Amino acid sequence: MIAPELKVQAGALIRLRFLNVDNTVMYRLVIPENLNAKVIAIDGNAIKHPFALKDAWAMGPGMRLDIAFIAPAESEQIISIKNRQGKLNFNFFTLKTQGKENQKIKIFLPCRLLLFLNRT
């Protein structure tokens, strides 16, 4: 599996929504600890008090998870989002910071980025 690399603005607030659309597999989502990522919604329901995502998060079939974090302020930083479930150890995707904090740069992304977790 080739993990895509997505560009993000350095120092930007990032929100990611993960969907497990595979009805036969569980995933264990791993986010680098230094990001201080917060879980902000589970299964589409906002959490009143977001909490830090410090350990791997188990995602069962049909589950959704929204996380938010501030991207590193330095350019060219790589953030690897991984799966660590059993024999399925791989990178889902990487984020690469671009530009400088508070500098506006053009980054092309779909207007709504949904990351479908599916073993294909």
In order over the range 13-22: 3J(HN,Hα) from phi, Karplus 6.51/-1.76/1.60, θ = phi - 60°, whole Hz, x for each Gly or Pro, gives 7, 10, 10, 10, 10, 10, 10, 9, 9, 8
Just in the range 1-99: which GluC sites (Glu not before Pro) are loop by DSSP and have at most 16 other Cβ atoms within 10 Å?
GLU74, GLU76
Among the trypsin sites (Lys or Arg not before Pro) within the range 22-63, which fall in a DSSP loop and have no more than 16 other Cβ atoms within 10 Å of their own Cβ?
LYS54
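Read-outs throughout are calculated quantities, based only on the coordinates presented, and are distinct from any laboratory measurement. All values reported here derive from a predicted model rather than from experimental measurement. Because the Cβ atoms are built from the backbone with ideal geometry, glycine has one as well, and the counts that use them run over all protein chains shown.
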